[in-house]
Amino acid sequence: MSIQTAVRASPPIETANEFAADVIAGLSAKPKRLPPKYFYDLTGSGLFDRITQLPEYYPTRSELGLLHQHAPAIASLFPPAAALIEFGSGSSRKARILLRAAASVEAYVPVDISGDFLQQDAVQLRRDFPHLAILPVVADFTTMTEPPAEVAAKPRAGFFPGSTIGNFEPHEAAAFLRRAGRILGAGSVLVVGVDLAKAPDILYRAYNDSEGVTAKFNLNLLARINRELGANFNLAAFEHQAFYSAERHRIEMHLASTKRQKVRIGDTIIEFRAGETIHTENSYKHSIDSFQALAHGGGWSPLAAWTDGLFSVHALRMTAD
Ligand code: SAH
Ligand code: AVI
């Protein structure tokens, strides 16, 4: 296997044991919860891609528009001969816009926990950008510590689109930004996509689409636990719930048990009351100012912010290490 086709994990991502331990711990907690990073197996990543095409899910459309409009300005912030590192790359659709505008970028490093999906994406990226080194890394970006060795000597720029930063608690977001700073290096630039607080009905519809794709994405978490951990969740006895908490500035997603029931995961039995929920995701919504304050706390200074009123794209410069 050549270096170009290798998919590395640094450090190794979850084993089945860690997945099982996280699931049992989360479902034994009060209230019950599951980490959102487990949404993204091959099926979950495919469902997320379908979400991005839904009429109600405005964030992707908004961010693509902002990136198309401002790609030259964003690309001008990248150092010459840089490696662009994307955290949580998914289908790399947005990076493609920046890579087309940034002629001097020499390497693209998509980092994602969804290994099979990342492999497929890397094959297509190599076809579409034959002049670039495509260096996929299968990793959990909350524990990743270094860039891949191939780009360690290059100047690096970072990309964190999609408002994936909103899936962290604010203190976790600041910790992630510090970590990204260490991976990208002193003086580097990081481009972050951040969803904005807005009318609750727009937010509600974005997470309660009429086709039910977001519900499938949420329920896939239980299907994945059944597939990989041999559990016996009856998916028909759980329902998708998503609502906006204006007080907490976040969408909360839950899976609600429609009845009193017991579920077996290996040797562990988990009991549910009727109506009891598993909290599966938060999606924090910011203002330009609140995000810039958060970025400051994570060691970054704002360079520029672009918005269409619904979504925002921020360019940050690292100020601390
Ligand atoms: N950047 C893309 C995808 C966003 S979806 C876009 O803007 O459309 C969030 C992505 O982050 C998914 O591809 C998911 O697999 C990945 N992801 C979520 N948690 C992760 C983690 N802890 N470590 C690495 N990747 C993660
Ligand atoms: C990846 N993340 C930013 C998405 C979001 O909007 O919080 C995940 C998602 N959950 C439901 N729909 C989309």
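The values are calculated or read from the model by the stated rules, or taken from the named source; none is laboratory data. Values in this document were obtained by computation on a predicted structure and should not be read as measured data. Don't worry about glycine lacking a Cβ; one is built from the backbone with ideal geometry, like all the others, and counts go over all protein chains shown. Quick note on the areas: whole protein, heavy atoms, side chains included, nothing else; ligands and nucleic acids left out. Shrake-Rupley method; radii C 1.70, N 1.55, O 1.52, S 1.80 Å.
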**Complete:** E106 passes all but one of the listed conditions (1) open to solvent by 10 Å² or more (accessible area, probe 1.4 Å); (2) of a type outside the set (A, V, I, L, M); (3) out of contact with any His (no Cβ under 9 Å at 6 or more places or on another chain); (4) at pLDDT 95 or above; the exception is number (3)
**Item:** Positions within region 40-76 being in a loop (DSSP other than H, G, I, E, B), open to solvent by 50 Å² or more (accessible area, probe 1.4 Å) and more than 16 Å from Q119 (Cα to Cα), in sequence order
**Value:** Q53, P55, S76
**Fill in**
Exception for A149 within (1) away from ligand 1 (no atom under 16 Å from the Cβ); (2) touching a residue at least 60 places away in the same chain (Cβ under 8 Å) falls at (2)
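Filter region 56-87 down to residues that are hydroxyl-bearing (S, T, Y) and within 12 Å of ligand 1 (Cβ to nearest atom) and give me whichever is farthest from Y40 (Cα to Cα). Show your work before the answer.
Filtering region 56-87 for residues hydroxyl-bearing (S, T, Y) gives 57-58, 60, 62, 76.
With the extra rule that they be within 12 Å of ligand 1 (Cβ to nearest atom), the set shrinks to 57, 60, 62.
Values: Y57: 18, T60: 17, S62: 23 Å.
Only one residue fits best here, namely S62.
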**Prompt:** Here are some conditions: (1) of a type in the set (D, E, K, R); (2) touching a Leu at 6+ places or on another chain (Cβ under 8 Å); (3) surrounded by fewer than 22 Cβ atoms within 10 Å (Cβ to Cβ). K154 meets all but one. Which one does it not meet?
**Reply:** (2)
**Prompt:** How about region 109-140: which of its residues are within 16 Å of G46 (Cα to Cα) and either buried (at least 23 other Cβ atoms within 10 Å of the Cβ) or near ligand 1 (Cβ under 8 Å from one of its atoms) (or both)?
**Reply:** D112, I113, S114, F117, L118
**Request:** Kindly indicate whether any position in region 88-99 is under 25 Å from T280 (Cβ atoms) and more than 9 Å from ligand 1 (Cβ to nearest atom).
**Result:** no
**Request:** Give the number of residues within region 183-222 that are within 16 Å of ligand 1 (Cβ to nearest atom), under 22 Å from L34 (Cβ atoms) and assigned to a helix (DSSP H, G or I).
**Result:** 8
